[in-house]
């Protein structure tokens, strides 16, 4: 069991456009201050995500709920958006069988099908509600605040359908994952005796995948959550190191920041060479974007890197042309899977056709890894910095470690960029405008501001 | 039927950080030259994609094949990568029912399930091959060159399985989509009498979705291809206009380029507020990235914008914080769907809970559109340029128009960036390194170059 970052290709020693040796040396020297600042932040209790892997009570709550639910439900429908959906989706895609919902109940080992409603597209919710048997369906409603507009809209629709179909038994088909004390969902749970599982108050949405937000759906779907949390715990331990070179989370965060500051490479691509890990990139995009893209305290300047999701080898035929030759404003972080649980041999057919003959006798697991090495090497050769996160296996333990690595990296990067990685003030104005248009009683100020916006200009239209 | 771009929020008149009025006026004046250059390019025959909507022979070939295949197959497996997969995926997701593979045969109107193998992850191909009944499966192998390594590796595996299971009848379960004359797939098709459908030589992979690359799988899956091509034809007609303001493709391309040159906004987000249109963003990413991200002829500088896929309203809870407050280097292009075929009312429940009460009585179709308007308005208020592509419906006609719009925009942007939008030289080195590692006979030079690359530095590892 090992997760390792190889960052040879980030440094000027190996790559002409890499981070200068003196900048890296300075970052190592200056690391004590950053490390102390993160430790201080942790001391305030703000970094609750670091404690999740060792919170046995919380883990047991999800497991016990899942155990009690075994066999009762054929469909599990998750209502949530952003951090309440991206983590659960990534865990399920990475750790359960492909095409889960097309498998038989036996192939799913009795676990339910899984549907995520992470949008308010009417066609999607109509489709899902039209296909599930409500009497055999569990709805898991995830909102830290208990008041997220999209999730509450979905909940009302689901609740209406449940009330109509099941009457007084509606509540038995709901479980809320929310703040232990505050918010509408908690209030409803209390009043109606609906099951509710806590999100610790000091764990923000995008850092919540190892809380019940991710663990409860995972447990309901049969994912082995113990090694997932063990891998995360191991990485959290490694990320306590006060020496930069020994702290993987800090190394990732510092390298990306240095690439931005010294090389103007503020676009950070995450590119797993693995189908099951594909959705980890979408989860990372939220983590990195929402944590780091904001106004910097001293000068109110808009700062922060832009994460980009990519998928190897597939996107070698989509984005790699840009990564190789386009504006030199990116780093690429590859994720390599060491051993594939299944491999497939390429048969020696068409040996008289040169475009095919060289492939026979190789294996796909070998091919996908060769493609990754070739792409990393080609980028390096063209002066384009990149690193590789090596996972020995794409299993629970390594996924837990990867998640914790990127979460810790985000906190370090927040320190270096000089932003608060834990809030998201920029989404407030859009929320207020939404409330205004929906006629929410307390949105009067937003309504007045909305009225001041320029109207669509018929001349600026085609 | 109407597709309209509202670009009020791109211009400085409405948005403080928008494109200055004099820059827009200059672009209008200078448009004659760009328009003439594109027309000249078309005259050389290089822009074959513009002719696809009116190529009845080509359209009939896909339709006839699909008609003959009706009822014979329960599963359709597409082997392809990049432009050979992203277009077919986008068409299927946009125009067929959700969760297609979980529907019954009757619900699919007798059309096959659909699997896309667009990677060389061994677990994925093993999974698909383990689940389909080869005697009831059609494999569509798409490669313009007929030699794409990933697709050929998949083909060899599929071919081996077909030979073993079906012997001499293997060929009846294959159809190739490839160059009419050249390449390994065409040779094999000729020698073995395997069905093959042409990709016109002057249509490149990422511009090929309206050729049999997209049309053949769409026809096999029951998509109405006639209105799809009609919508594209209508947009191609509109995009012949020599006046910038009347040419939607040119307007999109020019605005994005101006934002890059004048505002340093070279990150171009495409954000459909629609689940079925979500995969259009991934298709656009390849189109924009691979066409425009490259070395500029005169000075060999790496130039070109970076496309970013986003999905509304979902990613308001992921990326919008960054779009609102992060480094001001982006434009956002929203896609709005005017009318949803199905809408869902939000019931008036929990009227005593303020966080929920305001939602009751609204509809989801209204909510998703209000959220888009709120986000666009909030971005505008904060000086962040954006535009909206309005589609009256998310149907075949409008999708065809949208595809053609973005393809034409790409050609105009290529002219303005001073790059050849139709090639992809940057991926060659990685391909050569792959050939070298796989031991392909003609990769000697690449093998020697590979040996010169720096080895992983044990000190640059954690």
If we keep just the residues of the stretch A:150-167 that are in contact with a helix residue (DSSP H, G or I) (Cβ under 9 Å, 6 or more places away or on another chain) and at the interface with another protein chain (Cβ under 7 Å from one of its Cβ atoms), which is farthest from residue A:435 (Cα to Cα)?
A:159
If residue A:315 meets every condition in (1) at the interface with another protein chain (Cβ under 7 Å from one of its Cβ atoms); (2) in a helix (DSSP H, G or I) apart from one, which number is that one?
(1)
Anything in the stretch A:114-127 that is within 24 Å of the chain's Cα centre (by Cα), farther than 17 Å from residue B:366 by Cβ and within 8 Å of chain B (Cβ to nearest Cβ)? List them, or say none.
A:118
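crowded, with 17+ Cβ neighbours inside 10 Å, away from chain A (no Cβ under 13 Å) and in contact (Cβ under 8 Å) with a residue 40 or more places away in the chain: which single residue out of B:185, B:138, B:134 fits that description?
Numbers: B:185 fails: away from chain A (no Cβ under 13 Å); B:134 fails: in contact (Cβ under 8 Å) with a residue 40 or more places away in the chain.
Step by step, each of B:185, B:138, B:134 is checked, and only B:138 is crowded, with 17+ Cβ neighbours inside 10 Å, away from chain A (no Cβ under 13 Å) and in contact (Cβ under 8 Å) with a residue 40 or more places away in the chain.
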Just to verify a result, which residue in the stretch B:359-376, among those that are at the interface with chain A (Cβ under 7 Å from one of its Cβ atoms) and in a loop (DSSP other than H, G, I, E, B), is surrounded by the most Cβ atoms within 10 Å (Cβ to Cβ)?
B:359
Can you tell me which residue within the stretch A:12-36, out of those that are within 11 Å of chain B (Cβ to nearest Cβ) and touching a residue at least 40 places away in the same chain (Cβ under 8 Å), is surrounded by the most Cβ atoms within 10 Å (Cβ to Cβ)?
A:18
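Give the residue, chosen from B:385, B:347, that is within 13 Å of another protein chain (Cβ to nearest Cβ) and either closer than 19 Å to residue B:228 by Cβ or touching a strand residue (DSSP E or B) at 6+ places or on another chain (Cβ under 6 Å) (or both). Lay out the reasoning, then the answer.
Working: B:347 fails: either closer than 19 Å to residue B:228 by Cβ or touching a strand residue (DSSP E or B) at 6+ places or on another chain (Cβ under 6 Å) (or both).
Of the residues listed, the single one that is within 13 Å of another protein chain (Cβ to nearest Cβ) and either closer than 19 Å to residue B:228 by Cβ or touching a strand residue (DSSP E or B) at 6+ places or on another chain (Cβ under 6 Å) (or both) is B:385.
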Count of the stretch B:385-414 residues which are over 21 Å from residue B:92 (Cβ atoms) and surrounded by fewer than 22 Cβ atoms within 10 Å (Cβ to Cβ):
2
From B:356, B:322, residue being within 22 Å of residue A:328 (Cβ to Cβ) and either facing chain A (nearest Cβ under 7 Å) or crowded, with 24+ Cβ neighbours inside 10 Å (or both):
B:322
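Could you list all residues from the stretch B:69-85 that are more than 19 Å from residue B:153 (Cβ to Cβ) and either modelled with pLDDT under 95 or in contact with a helix residue (DSSP H, G or I) (Cβ under 8 Å, 6 or more places away or on another chain) (or both)? Break it down stepwise before answering.
Within the stretch B:69-85, the first condition is being more than 19 Å from residue B:153 (Cβ to Cβ), and the residues that meet it are B:69-76.
Result: B:69, B:72, B:73, B:74, B:75, B:76.
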Would you mind stating whether residue B:302 is at the interface with chain A (Cβ under 10 Å from one of its Cβ atoms) and surrounded by fewer than 24 Cβ atoms within 10 Å (Cβ to Cβ)?
yes
Every residue in the stretch A:413-445 that is within 25 Å of residue B:8 (Cβ to Cβ) and more than 9 Å from chain B (Cβ to nearest Cβ), please.
A:445
Which of the residues spanning the stretch A:352-371 are under 24 Å from residue B:144 (Cβ atoms) and touching a strand residue (DSSP E or B) at 6+ places or on another chain (Cβ under 6 Å)?
A:368
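Out of A:453, A:406, A:387, report the one residue that is closer than 16 Å to residue A:332 by Cα and not in a helix (DSSP H, G or I).
Numbers: A:453 fails: closer than 16 Å to residue A:332 by Cα; A:406 fails: not in a helix (DSSP H, G or I).
The match here is A:387.
Kindly evaluate residue A:450 against the criterion of being touching a residue at least 12 places away in the same chain (Cβ under 8 Å), buried (at least 18 other Cβ atoms within 10 Å of the Cβ) and within 8 Å of another protein chain (Cβ to nearest Cβ).
Working: touching a residue at least 12 places away in the same chain (Cβ under 8 Å): yes; buried (at least 18 other Cβ atoms within 10 Å of the Cβ): yes; within 8 Å of another protein chain (Cβ to nearest Cβ): yes.
Here the answer is yes, as residue A:450 does meet what is asked.
Going residue by residue through the stretch A:335-358, is there one that turns out to be out of contact with any helix residue (DSSP H, G or I) (no Cβ under 9 Å at 6 or more places or on another chain) and either part of a helix (DSSP H, G or I) or under 21 Å from residue B:81 (Cβ atoms) (or both)? Before you say what the answer is, go through the steps one by one.
At the first step, the residues of the stretch A:335-358 found to be out of contact with any helix residue (DSSP H, G or I) (no Cβ under 9 Å at 6 or more places or on another chain) are A:352, A:357.
Retained after the next criterion (residues that are either part of a helix (DSSP H, G or I) or under 21 Å from residue B:81 (Cβ atoms) (or both)): A:357.
The answer is yes; a qualifying residue exists.
Could you say which residue among A:426, A:430 is part of a helix (DSSP H, G or I), touching a residue at least 60 places away in the same chain (Cβ under 8 Å) and in contact with a helix residue (DSSP H, G or I) (Cβ under 9 Å, 6 or more places away or on another chain)? I'd like the intermediate steps shown before the answer.
Values: A:430 fails: touching a residue at least 60 places away in the same chain (Cβ under 8 Å).
Residue meeting the stated conditions: A:426.
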Looking at A:265, A:240, can you tell me which residue is within 14 Å of another protein chain (Cβ to nearest Cβ), in contact with a strand residue (DSSP E or B) (Cβ under 9 Å, 6 or more places away or on another chain) and within 25 Å of residue A:11 (Cα to Cα)?
A:265
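Can you tell me which of B:259, B:233 is in contact with a strand residue (DSSP E or B) (Cβ under 8 Å, 6 or more places away or on another chain) and either in contact (Cβ under 8 Å) with a residue 60 or more places away in the chain or in the same structural domain as residue B:60 (by TED's automatic domain parsing) (or both)?
Exactly one of B:259, B:233 is in contact with a strand residue (DSSP E or B) (Cβ under 8 Å, 6 or more places away or on another chain) and either in contact (Cβ under 8 Å) with a residue 60 or more places away in the chain or in the same structural domain as residue B:60 (by TED's automatic domain parsing) (or both), namely B:259.
The values are calculated or read from the model by the stated rules, or taken from the named source; none is laboratory data. Since this is a predicted model, take the numbers as computed values, not measurements. A quick note on method: Cβ atoms are made from the backbone with ideal geometry, for glycine too, and the neighbour counts reach across all protein chains shown.
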